[in-house]
Amino acid sequence: MGLDAPLIRIEPPGPRAREIIERDHRLLMQSFVRWYPLVIKRGEGFIVEDVDGNRYIDLNSGIAVLNIGHNHPRVLDAIREMLGKITHYSLTDFYYEEAVRLAEELTRIAPMSGGKRVFYGNSGAEAIEGCIKIARGHFKNQRPYIIAFYGAFHGRTMGANTLTASKPVHHRWFSPMLPCVLHAPYPYPYRCPFNTDDPRECGEQALAFIEDYILGKYVYGDEVAAIFIEPILGEGGYVVPPDNFIPGLRKLCNEYSILLVDDEVQAGMGRTGKWWAIQHWGVEPDLLACAKAIASGLPLSAIIGREEIMDLPRGSHATTFGGNPIACRVAVEVIRVIEEEKLLENAERVGGYVIKRFRELQDHLEIIGDVRGKGLMIGVELVRNRETKEPAKKELASILNEAFKRGLLVIGAGLSTLRIAPPLNITLEAMEKAIDILEDILRKYDKEVRGLR
Ligand SMILES: Cc1ncc(COP(=O)(O)O)c(C=O)c1O
């Protein structure tokens, strides 16, 4: 599925897509987001095809999951190899080597020194739930409090949802949330909650807020088990914090013996050009949650933690499907592919090109307020007005739809940010074509927002 032939054959959604969507709407609970009516049939590399034969350049990767691309031959081989053997046998009560083999790989690439242990689940939210239990359990419930950040997304199960604070819709009608969870402002340089344009000061103020307000006025540091952080905000807008923030957070955690929990569900597995986003700041977490890209789309998540913290007692935490043998076997292959095909390097190289192109466009297009990111986790924030920074929410929705109709899949994050997260093996040529399409559409909407004044 190359780029030579025209991408779009028939205006999407075509007849087959419309028919499936109609059945979906009748039968599935409609609590999803869904930006445009894409009905997938198959994928290969960085191209996906819909049920009417249209093809698209994929800047979504199934929401940061297909880091090694769709249907990688080595993933398919690994699945085939396993199918003749075993599809399930629960780690809760038994052993199998695939789980151990993957743990050897994960502990090898984990961003912590010293002994490490792994726990498997099925989803990102489940990994976060596990981290909450491990952190509280480690302190034998002597430290009930947890700190998370405004803007963060950690999942939608009740514990993870309590930490999540990126949109009120995640909480409305579901209270009460988990008790003893407090939130601090995330240092979002482009929209610093402390009213400064200086990223360094923004980072310092965010750290000071935790010390002066949360620990100074609400709870003692020795009542807090953990601080949960996305080293780069995902759903919250692909926001990269100031360089002093994560090292400062580590220092603060050390001072009060609070565990630093690194949510790498979206930013991990090479997405940012390093195995783990936190490595951009040379910081070691105590616990790390990983899911999405770990098994190229098979349901799997992992918690990697320092050995002395991963100490929950027998029977206190386990799950039937966690660490499925096929998913574990595939995950080992994903790690090998990222290393052997030098995908960290490619993420950095192609990501550098994307940032450069959008920064050049930013010089001419008023609608581009901010361009940020690491590797191939890139956010382009759209605004109606550079001065007021009013989010271009409606425009974003229209831009994503137009891109879809022209054979490009990209979705939003935060209020009005283009979320660029293609497979890490995307070529420069494909990325160039994708940005050409976006540039064309952005030029049109740039005229529109200028006309609003
Ligand atoms: C940073 C982060 N943490 C946790 C989750 C939850 O993962 P899942 O949807 O697999 O439960 C997500 C999902 O988008 C995420 O982006």
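Values quoted throughout were computed directly from the atomic coordinates according to the rules given, and no laboratory measurement underlies them. It should be emphasised that the depicted structure is a prediction, and the values quoted were computed from it without experimental measurement. Methodologically, a virtual Cβ is constructed for each residue, glycine included, from the backbone with ideal geometry; neighbour enumeration extends over all protein chains shown.
Return a whole-number percent for the relative contact order of the chain, with Cα pairs under 8 Å and 6 or more residues apart as the contact set.
Details: 935 pairs, mean separation 96.5, N = 453.
Over the chain, the number comes to 21 percent.
Report summary: the helix-based calculation at 222 nm, which adds -39500 (n - 2.57) for every DSSP H run with n ≥ 4 and divides by the residues of the chain, gives -11500 deg cm²/dmol. Taking amide H atoms as placed 1.01 Å from N in the peptide plane, the amide H of residue 370 lies under 5 Å from those of 381, each 5 or more residues away in sequence or on another chain. If R0 is taken as 56 Å, the Cβ-Cβ distance between residue 345 and residue 223 corresponds to a FRET efficiency of 0.80.
With both residues required to sit in region 77-340, DSSP beta bridges show an antiparallel share near 40%. Backbone geometry of region 337-353 corresponds, through the Karplus equation with coefficients 6.51, -1.76 and 1.60 at θ = phi - 60°, to 3J(HN,Hα) couplings of 4, 4, 6, 6, 8, 6, 7, 5, 5, 5, 4, 5, 5, 5, x, x, 5 Hz, x marking Gly and Pro.
Within the chain, the cysteines lacking any other cysteine Cβ closer than 4.7 Å to their own Cβ are 131, 180, 253, 290, 328.
Pairs of alpha-carbon atoms within less than 8 angstrom and 6+ residues apart define the contacts here; what relative contact order does region 296-453 have, in percent? Walk me through the numbers before you get to the answer.
Values: 179 pairs, mean separation 30.6, N = 158.
In percent, rounded to a whole number, it is 19.
Karplus-based coupling profile of region 175-192, in residue order and whole Hz: 6, x, 6, 4, x, 6, 10, 10, 10, 10, x, 8, x, 9, x, 6, 9, 4, with θ = phi - 60° in 6.51 cos²θ - 1.76 cosθ + 1.60 and x standing for Gly or Pro.
Viscosity 1.306 mPa s, temperature 10 °C: give me the Stokes-Einstein translational D for region 77-340 in µm²/s, with Rh taken as the Kirkwood radius over C-alpha pairs.
Working: Rh = 18.8 Å.
Taking Rh from Cα pairs, D becomes 85 µm²/s.
Note on residue 353 and residue 256: their simple-model spin labels are 4.5 nm apart, each label 7 Å out from Cα toward Cβ.
Label sites at residue 429 and residue 213, each approximated as a point 7 angstrom past Cα along Cα to Cβ, lie 5.2 nm apart. Rounded to 0.05, the FRET efficiency of the residue 86 and residue 36 pair, given R0 = 30 Å and the Cβ-Cβ distance, is 0.15.
Per the Debye calculation on the chain with a single equal scatterer at every Cα and no solvent contribution, log₁₀ I(q)/I(0) for q = 0.08, 0.10 Å⁻¹ amounts to -0.46, -0.73. Dividing the mean sequence gap of close Cα pairs (under 8 Å, 6+ apart) by how many residues region 77-340 holds gives a relative contact order of 30 percent.
To the nearest 0.05, what FRET efficiency results for residue 27 and residue 174 with a Förster distance of 25 Å applied to their C-beta separation?
For residue 27 and residue 174, the calculated efficiency is 0.60.
Basic side chains Lys and Arg get +1 at the Cβ, acidic Asp and Glu get -1 at the Cβ, and with that the dipole of region 77-340 about its Cα centre reaches some 580 debye. Among the lysines of region 77-340, pairs at least eight places apart or on separate chains and with Cα atoms under 22 Å apart come to 9.
Length available on full extension from residue 447 to residue 107: 0.36 nm per residue minus the Cα-Cα distance, which gives 117.3 nm. Around residue 417, which amide H atoms from residues at least 5 apart in sequence, or from another chain, sit under 5 Å from its own amide H, with H modelled in the peptide plane? Those qualifying (amide H under 5 Å, at least 5 residues apart or on another chain) are 382.
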